[in-house]
1. With each pseudo-label sitting 7 Å past Cα toward Cβ, what's the residue 55-residue 126 distance in nm, one decimal?
2. Considering only the other residues whose Cβ falls under 13 Å of the Cβ of residue 211, what net charge follows from Lys and Arg at +1 and Asp and Glu at -1?
3. Could you please rank 266, 163, placing first whichever residue has the fewest other Cβ atoms within 10 Å of its Cβ?
4. State the antiparallel share, in %, of DSSP beta bridges confined to the chain, rounding to the nearest 5.
5. Quick check for me: using +1 on Lys/Arg Cβ and -1 on Asp/Glu Cβ, what's the dipole size of the chain about its Cα centre, in debye to the nearest 20?
6. Would you mind listing how long segment 182-279 runs along its three principal axes, going by Cα atoms, in whole Å with the largest first?
7. Let me check I've understood the local charge: for residue 222, count other residues with C-beta under 11 angstrom from its C-beta, Lys and Arg +1, Asp and Glu -1. What total comes out?
8. Starting from the Cα coordinates of the chain, work out the convex hull volume and express it per residue in Å³.
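Values in this text are rule-based calculations from the coordinates and carry no lab data. Note that this is a predicted model, so its numbers are computed, not measured. Don't worry about glycine lacking a Cβ; one is built from the backbone with ideal geometry, like all the others, and counts go over all protein chains shown.
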Amino acid sequence: MLDTLKIYENLKEHLDEGAARAIAQTMGEIYESEFMKLRVAVEDLMRAHKELADAQRRSEERLAGVEERLTRLEKTVAQLAEAQAKSEERLARLEETVAQLAEAQRKTEERLNQLAEAQARSEERLTRLEETQMEMIRQIEKLARGLRRTREEVGGLAHTIGYRLEDESFKALPALLKRDLKIEVIGRLKRDYVEVAPGKYVEVNIFGSARRNGEEFFILGEAKSQLKKKDVDRFVKKCNMLIPFLGKDQIRVLVTYQTSPQIRRYIDEKGIKLYFSYDF
């Protein structure tokens, strides 16, 4: 700080007291004024320096934040670059897959076209087969009608043969039964029906009465062109069914053109008299 008193005393040695005081006072005021200005300037400078330091600190902090963000950004960019590389790799694989799918689609469409053509050919063949089938059905129906007529004719022929065999039996059996069983036929043999219930009858192909030693019998018989076991069983069943209406005294006779040795033995076991057409 300026020592105005010392200045005054130094000036008083050369100047009068008033002038020395005035000069010292003026110099003190000037000093005070300039000092205050300098102080204010220094304070302003210090404040500015502080603000600059604060600003520098904030800048450094911001810069540090920026650097940190930049580091994170660089890391993110690196990650993005890696992800981009992976995406491009996946995209390349996807493009390859799409290309493969497109090729598969093309082959599928080609195969579908082939299948459609094959289906069309199959439908044509099926149509021809259906037409052939319909023609076969018509032929089968025609054959079936012919077969029915043949069966009817064969059935009629069988009946004719059966009736003929029965007719011959009617004439030949009386003598044969008299020779073999010592019985006399009463009246004549014929086709007839036995009433088993009111309005219900059972047909007997060969039917008649016979007498032996004063005892009478019923003659029951059938004529078959070829005798089978089922024919024998059916005949036995019929005869047994007629026992309640005719009695047990029955002479059972079967007539045929031919039958096997086994059936002959079976007929004999059943107590039935068997005659062949060549016996007549």
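1. Using points 7 Å along Cα→Cβ, the separation is 9.4 nm.
2. Within the 13 Å Cβ shell, the charges total -1.
3. Ordered from fewest to most neighbouring Cβ atoms within 10 Å, 266, 163 come out as 163, 266.
4. Antiparallel bridges make up about 55 percent of those DSSP assigns within the chain.
5. The dipole of the chain has a size of about 5200 debye.
6. 38, 32, 22
7. +2
8. 495
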